[in-house]
Amino acid sequence: MNYLNQLTIKQALSGLEQKEFTCQELVQDCLQAIDKHDPKLKAYLTVEPEQALAAAQKADQNRASGQAGFLEGIPLAIKDNFSVQGMRTTASSKMLDDYVPPFNATVIARLRAAGTIVLGKTNLDAFAHGSSTETSDYFTTLNPWDTSRLPGGSSGGSAAAVSADLCLGAMGSETAGSVRGPASWCGCTGFKPTYGRVSRYGVVAMASSTDSPGPLTKTIEDAALILQIIAGQDEHDSTSSPLAVGDYLAACAKEIKGVKIGLPKQYFLPEISDDIKQAVMDAVREFEKMGASVQEVDCLDPKYSIAVYTILQRAEVASNLSRLDGNRYGNNRSFMGDEAVNRIMSGTYVLAAEFQDQYYRKGKKVRQMIIDNFASIFEQVDVLMSPTFPMLAPRVGASQETAIFGELMDVLVEPSSLAGLPGLGIPCGFAQPKDGDKKLPIGMQIIGSHFSEELLFSLGHAYQQATSWHLEKPMLS
Amino acid sequence: MSEEIKLTREQTLNVAYLADLVLSEEEIEKFRSWLKEALDCTLVLQELDTTHLLQVGHITGLTNVWQEDVIKPSLTQEQALANAPRSLAGYFRVNCVLEK
C-alpha cells in the first residue's frame with residue numbers, strides 16, 4: 001500500500017489540486033512515518049505534530065478558498081540550523097539547547113509564505129561542523145540504506161528524512177559538501193546553489209563566505225520547486241545576489257543537446273573505488289547519448305582546497321562562534337562540543353597576528369587561484385562531473401578516526417564551494433561495500449559556473465528522465 | 001614540503017585563552033594534537049607561488065552593497081530578551097568585567 005508521505009512534492013501538489021486528498025491527510029501520513037521509523041533512524045531532533053497539523057488545516061482552508069500559495073500544504077523537514085520562529089533551534093549544539101528563535105530565517109519566511117508546513121527540525125553535525133552527523137551533541141542519524149552506517153553530513157538528518165520518506169522534501173545548508181554529500185550517501189537529490197543565490201539570514205552561521213542554503217529532495221524537479229521560492233535577493237543579507245531568479249521548472253524541460261561536459265582528471269582519485277568511478281562514467285555516457293559532448297579537463301589539485309578550506313572555514317567559525325557568549329541567548333561556552341572547540345582553536349590560531357600571513361592571507365590568495373582556475377575551465381566546458389564523496393557510506397564511528405574527517409570526505413566538493421559555484425548531487429547507481437552485504441547509493445555531482453542553476457536543472461532532469469536510480473527506496477524495517 | 005609544525009602546550013593554552021575556552025588537563029593534549037593535525041594539512045599550500053595574487057574579495061564579485069538608513073519594524077524588547085539566561089529591568093544581565 002502506498003502512503004502519501006512517499007509522494008514527491010510535484011505529485012502531492014497535483015493530488016491536492018485534484019482534491020484526491022487533503023493537506024491534513026498528507027501531514028498525518030508524514031507524522032505516522034516519523035512515529036514508525038524515526039526512533040531508529042534519528043533524522044529529527046524536534047518534531048512538532050500540533051503545529052504541523054494546525055498549519056495543514058490552514059492550508060486546506062487556503063486551498064478551499066482559492067488562496068493557495070505556490071507550495072500550499074507541502075510538509076517539509078528543516079535542518080536545525082534554520083531559525084524557525086517559535087520552534088526550538090539548536091544547530092545540534094547543547095549551547096543552544098533551549099533556544100527558540102523570535103524570528104524566521106528568510107528561507108523559512110519564504111517557504112511559509114508559499115504555504116509549506118514545517119514538520120520539524122532535523123539533526124546535523126553540531127553547528128554544521130562535519131560530514132557525518134556524528135558531531136551532533138544529541139545523537140547520530142543513521143543511514144536508511146544500512147542503519148549501521150553514516151548518512152553523511154552536515155545535513156544528514158534532512159537527507160535521511162527525505163530518503164526514508166519522513167517528509168516530502170527538506171532544507172539543508174552547504175558550506176562545502178553538506179548538501180551534496182549526504183544526498184550522495186542517502187541516495188537523494190541535493191542542490192547547492194551559487195553562493196548568494198539564497199539568503200543566509202537566520203541560518204546559524206558556519207563559514208559566512210561559503211554558506212549556501214539548498215534543498216534535499218526526491219527528484220530534481222522538487223528541488224526546482226523549492227529553489228524557485230527561496231532564491232532571490234534579501235535586504236537582510238547583503239551578500240545575496242541582485243541577479244534575477246530564473247524559471248527553474250521550465251529549465252527542467254530544456255534539452256541538453258550540445259552541452260559540453262568536463263571530466264576533471266584530478267577528481268578521479270586513485271583511492272576512489274572502481275564501483276563509484278564506473279557509476280559516474282556510466283552516467284556521463286547517458287549524457288553523451290542525449291547529445292552532450294565530453295572531454296577531460298585539468299583542474300587545480302583538490303588537495304589544495306582541503307588546506308584552504310581548513311584555514312578559511314575554521315577562521316570564520318572562530319569568528320562566528322565568538323558571538324555565542326551565553327549572555328543574550330544560549331548556554332555558556334563550556335557547552336561547546338569537542339568539534340566546535342577543535343575548529344575554534346584552529347581558527348583562532350590561523351587568525352592570530354603572528355600567523356596571519358602564513359595561513360589566513362595565504363589561504364585567501366589560493367582561494368582566488370581556485371576561482372581563477374574554475375573561470376578558465378568554464379571557458380572550455382559548461383559543467384564538470386565527478387563523484388561527490390570519495391567513498392560509500394562508512395560505518396558509524398568512522399569520523400572519529402581523524403580530526404579532519406569532514407574536510408577529507410569533502411575533498412571533491414570543497415573546490416567548487418570555495419569558488420561559490422552551484423553544484424547538483426544526484427544518485428547515479430548502487431554498489432555493495434567490501435565490508436557489508438547491503439547495497440549503498442552512489443552519488444555524483446554536476447558543477448556549473450556562477451548562477452548556472454538553470455543548466456544544472458536541465459541536466460539533472462534529463463538524467464532522471466533517462467534513469468531510475470532516484471526512484472529506488474531503502475527497505476525500512 | 002616543509003617540516004611538520006611544532007606546537008607546545010603553552011601555545012595551545014594561549015589559543016584557548018584567546019578564544020575564551022577553558023580546557024581541562026586531559027583536553028589540553030587532545031586539542032593540541034588536533035590543532036597540529038589541522039595545521040599540518042595546510043602545509044601543502046607552501047608549494048604554491050602566490051606572490052602576485054591578491055587575496056580574494058567577494059567570491060561572486062559583489063561590491064559596495066548599500067541600503068537606505070531607515071528604521072524598520074524589528075524585535076520588541078520583550079522578544080529580544082526572551083532567550084536571555086539572565087535579564088533585569090529590560091536589560092541583558094552579564095558578568096562584571098571590571099574589577100572594583
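The values are calculated or read from the model by the stated rules, or taken from the named source; none is laboratory data. Not measured: the values here are computed from a predicted model. Backbone-built Cβ (ideal geometry, glycine too); neighbour counts: all protein chains shown. Please note that ligands, DNA and RNA were not included when accessible areas were found on the heavy atoms of the full protein model with its side chains. Shrake-Rupley method; radii C 1.70, N 1.55, O 1.52, S 1.80 Å.
Using only the C-alpha atoms of chain B, find the volume of their convex hull and express it per residue in Å³.
Working: hull volume 27.5 nm³, N = 100.
Enclosed volume per residue, from the Cα hull, is 275 Å³.
Here A:Arg63 sits with roughly 50 square angstrom of accessible surface, probe radius 1.4 Å.
Partner shielding of A:328-334 amounts to 4, given as the average count of beta-carbon atoms from other chains within 10 Å of each residue beta-carbon.
Of the residues A:Val203, A:Val308, ranked by 1.4 Å probe accessible area with the largest first, the sequence reads A:Val203, A:Val308.
Comparing the full protein assembly with the isolated chain (1.4 Å probe, heavy atoms, ligands and nucleic acids excluded), the residues of segment B:51-100 losing at least 50 square angstrom of accessible area are B:Leu53, B:Gln55, B:Val56, B:Ile59, B:Thr60, B:Leu62, B:Asn83, B:Pro85.
What percent does the relative contact order of segment A:418-477 come to when contacts are Cα pairs within less than 8 Å and at least six residues apart?
34
When the surface is traced with a 1.4 Å probe over the full set of protein chains, A:His450 keeps roughly 60 Å² accessible.
Would you work out the relative contact order for chain B, in percent, from Cα pairs under 8 angstrom that are 6 or more residues apart?
Values: 35 pairs, mean separation 21.6, N = 100.
Here the relative contact order equals 22 percent.
Kindly compute the accessible surface that chains B and A hide from a 1.4 Å probe when together, both sides summed, and give it to the nearest 100 Å². Mind showing how you got there, number by number?
Values: alone 10170 and 17870 Å², together 23480 Å².
Protein heavy atoms only, the B-A interface buries about 4600 Å².
Here chain A is scanned for GluC sites (Glu not before Pro) in DSSP loops (not H, G, I, E, B) that have at most 14 other Cβ atoms within 10 Å, and the longest stretch holding none of them is A:21-234.
Measuring r between the beta carbons of A:Asp247 and A:Glu296 and using R0 = 30 Å, the FRET efficiency lands at 0.35.
Excluding ligands, DNA and RNA, the accessible surface per residue across the protein assembly as shown is 41 Å² with a 1.4 Å probe. Whole angstrom only: what separates the Cα centroid of segment A:90-134 from the Cα centroid of segment A:407-475? Segment A:90-134 and segment A:407-475 have Cα centres spaced 24 Å from each other. The C-alpha atoms of chain B define a longest principal axis, and helix B:25-40 lies at about 60 degrees to it. With all protein chains in place and ligands, DNA and RNA left out, the 1.4 Å accessible area ranks A:Asp125, A:Asp29 as A:Asp29, A:Asp125, largest first.
Based on the convex hull around the alpha carbon atoms, segment A:342-476 presents an average projected area of 11.0 nm².
Here the protein assembly as shown exposes an accessible surface that is 50 percent carbon and sulfur, computed with a 1.4 Å probe and the other protein chains kept in place.
Of the beta bridges in chain A, as assigned by DSSP with both residues counted there, near 70 percent are antiparallel. Label zone of B:Ala80 (point 7 Å out along Cα→Cβ, amide N under 16 Å): in segment A:80-114 this covers A:102-103. Measuring from centroid to centroid over Cα atoms, what is the spacing of segment A:154-180 and segment A:383-403 in Å? About 16 Å separates the Cα centre of segment A:154-180 from the one of segment A:383-403. Residues whose amide H comes within less than 5 Å of that of A:Met171, counting only those at least five positions distant or on another chain, are A:Ala77, A:Ile78, A:Lys79, A:Leu216 (H built at 1.01 Å from N in the peptide plane). On the beta carbon distance between A:Ser376 and A:Lys434, with R0 = 51 Å, the FRET formula returns roughly 0.85. With a Förster radius of 41 Å applied to the C-beta separation of A:Ala352 and A:Glu17, the computed FRET efficiency comes to 0.10.
Relative to the longest principal axis of the Cα atoms of chain B, the long axis of helix B:9-18 lies at roughly 30 degrees. Computed with a 1.4 Å probe over protein heavy atoms only, the accessible area of A:Phe287 comes to about 0 Å².
Under the rule of -39500 (n - 2.57) per DSSP H run of 4 or more residues, summed and divided by the residues of chain A, what mean residue ellipticity at 222 nm is obtained, to the nearest 500 deg cm²/dmol? Please report the intermediate quantities before stating the final value.
On the way: 15 runs with 173 residues, N = 477.
About -11000 deg cm²/dmol.
Working from Cα pairs under 8 Å separated by at least six residues, relative contact order for chain A is 17 percent. From the square roots a ≥ b ≥ c of the eigenvalues of the alpha-carbon gyration tensor of chain A, which class results: rounded (a/c under 1.5), prolate (a/b over b/c), or oblate? Rounded, since a/c falls under 1.5. Residue by residue along B:20-32, Cβ atoms of other protein chains within 10 Å of the local Cβ number 3 on average.
Taking the Cα centre of each part, how many Å lie between segment B:54-85 and segment A:23-88? Computed from Cα coordinates, the inter-centre distance equals 29 Å.
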